[in-house]
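Below is one structure, written out as structure tokens, with a few remarks after it.
What follows is calculated from the coordinates using simple rules that are stated; it is not laboratory data. Computed from a predicted structure; not experimentally measured. A quick note on method: Cβ atoms are made from the backbone with ideal geometry, for glycine too, and the neighbour counts reach across all protein chains shown.
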Amino acid sequence: MRSTLGDLNNHLFAQLERLSDEEIVGERLTEEIERAKAVTRVAKQIISNGSLVLQAQKFHTEYKSKDLQKPKMLEG
């Protein structure tokens, strides 16, 4: 599994397709719903983390100074 926001988007749409499958019923549907909830929670954390990194990058760009160290997470 790769780790890009594009990959996350693909996983979310794949999950949506599984939830839309009308042949999944009963216990299998309940399990899929629980899986979707877990995927959603993880996706929210990933998106929140990405947003924080973007905000830090904007701050760093706006207030560049010799004393301001770029967070290691932004170094790639």
Practice problem: Take the Cβ-Cβ distance between ILE24 and LYS44 as r, set R0 to 25 Å, and report the resulting FRET efficiency rounded to the nearest 0.05. | Solution: 0.60
Quiz item: Length gain on complete extension for the stretch LEU16 to LYS64, per 0.36 nm per residue less the alpha carbon to alpha carbon distance?
Solution: 13.1 nm
